[in-house]
Structure formats: C-alpha cells, structure tokens
Ligand SMILES: [Fe+2]
C-alpha cells in the first residue's frame, strides 16, 4: 500500500503572512481556473456572485488576512487559520464567533482531484463565497451557537444538518438543479457527479430525514438533499432543533448507503 501524504499546517510569519512558494501557487492557480470554469451553470447564482465579491487572487494562494477583510465587509465573517482537523468544540466555537476554520496548506499537485483532509482550496473556494450571502452566513453563525451548547453526542448527530447543507447541499432553481455545498463545489469530480450522475439519490430537504441519515466523510456521497432557497436554511433556525433531533432518534437512523470505513477496499488503497 502506498503511504498517504501527511499534510502539515504552514506557519505564518510574525506579520501573519504565509509564504507559499511557486508549487503551491501553481496548484491554486490550476485548481481555481479549472473549477471556476467547471461550476458555470452548476453552482447556484449566489455562489458565483459571492466569488465575484470575494475576488480571490487567481494566481496565488490567498492570505487568510485578505479573505477575512473581504468577508468582514459584508456580514462580519472572517477565516481563522487552523490545522486540518480540529476538535468539534473548537470548530463550533469559531463558527459562533463568525470565524470560519480554514487550513493553511494546499494539496500536492499529484492529489489535485481529491484529498481527504480539507485544504485551503476547499475552505476558501468552497465555503467563503457564500459567507457573503446573508441567510447562509446567519445560518452558519446560529448553527455554530446551537451546536456549541449541545451535548457532545447530540452535537455529533446535529452535524448531519451541516454536512448535508453547507458541505453537500443542492438547491432547486427555476433554471435547474444547482450546487451550493462547499464539498461539492471544491471538487471537480463531485460537481458533475452530484448534479448529473444517475447513481446518487437526491431527496427534498427535510430536517428530520437529514438527522436520520448517516454519512462518511471520505467517499463520494451516495445521497444529497435539495433545498429551494437559502431562506429555507435560515428558517430552519425557527424550529426547535433539539425536538427534531429527539424525533429523528425515535424513528431511528436510515440504513447506511455505504460500506463501513475499513471494509471499503478502494479507500484502503489496495
Ligand atoms: Fe468543508
């Protein structure tokens, strides 16, 4: 089995600047150009508008301070540099403070199409454009506060609401199905698969159904949930999420549409 590359955070200078170097900048430029063209007619219009607002440098890995300044001018959000994966309590604390956790490393050129860890391309390109959209930004903020107050085992299940919206959400538009989830829109392959393949299941968004649906982070998703607008996401916060969680628990989880981790030979790299 080939050893998987282990990514490590890049430390900023005392002035907060991260020096990425030519290879990392070239990787960003390649990913940006390819994905910007690919999402045309596939990403929802709010995402495209958000990209225009954030105005990423297309040739160099953007600095966290630049992205924070762009986001802050709209709904007070910013990005916080973190290692690839952080404890759930830290993740939700940052969201509750309108700080989106973002890694500082970028994938290697040989892993252009997929890495398991969320890198800076996923975090910046996939998530930041919509943080300039009011209902999306407010949903993210409120969700962070709710999850932070929840007990760890409740938090784990509540995260399904985040997973099937912020990460892998689809939206029904008059012009057709569009993607808004950052996990989809930062992935070349999953952008077409989520919208155009006849393999995955696409279900209308229903919070109890979402809370009953297990997921795996390291596979292409077998199921997506479709909302009608970001207001639908925002109005989710008018509901008693803990009551919905109790309802979902009483009904039980839906059977997983994937092999348990470890049983998947492809994932093991054999
Ligand atoms: Fe993400």
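Quick notes
- Efficiency of FRET from Cβ geometry, residue 240 and residue 53, R₀ 35 Å, rounded to 0.05: 0.55
- Each part gets one Cα centre, and for the stretch 1-47 versus the stretch 197-250 those centres are 28 Å apart.
- Take every Cα pair under 8 Å whose residues are at least 6 apart in sequence, average their separation, divide by the length of the chain, and the relative contact order is 18 percent.
- Across the stretch 92-141, C-alpha contacts under 8 Å between residues 6 or more apart give a mean separation that, scaled by the residue count, equals a relative contact order of 38 percent.
- The distance from the alpha carbon centre of the stretch 96-110 to that of the stretch 56-73 is 12 Å, rounded to a whole number.
- Bridge type composition, the stretch 21-255 - antiparallel percent by DSSP, nearest 5: 25 percent
- In terms of its alpha-carbon gyration tensor, the stretch 107-195 comes out oblate; a/c meets the 1.5 threshold, while b/c is at least as large as a/b.
- Each stretch of four or more DSSP H residues adds -39500 (n - 2.57); spread over every residue of the chain, this sum gives -12500 deg cm²/dmol at 222 nm.
- Among 64, 15, 38, sorting on how many other beta-carbon atoms sit within 10 Å of each Cβ, with the fewest leading, yields 15, 38, 64.
- GNM result for the chain, Cα springs below 10 Å: residue of 166, 106, 48 fluctuating most strongly: 48
- Top of 110, 209, 232 by mean-square fluctuation, Gaussian network on the chain, Cα under 10 Å: 110
- Bridge type composition, the stretch 63-194 - antiparallel percent by DSSP, nearest 5: 50 percent
A short reminder: the numbers here are calculations on the coordinates, not readings from a lab. It should be emphasised that the depicted structure is a prediction, and the values quoted were computed from it without experimental measurement. Counting neighbours? That spans all protein chains shown, and the Cβs are built from the backbone with ideal geometry, glycine included.
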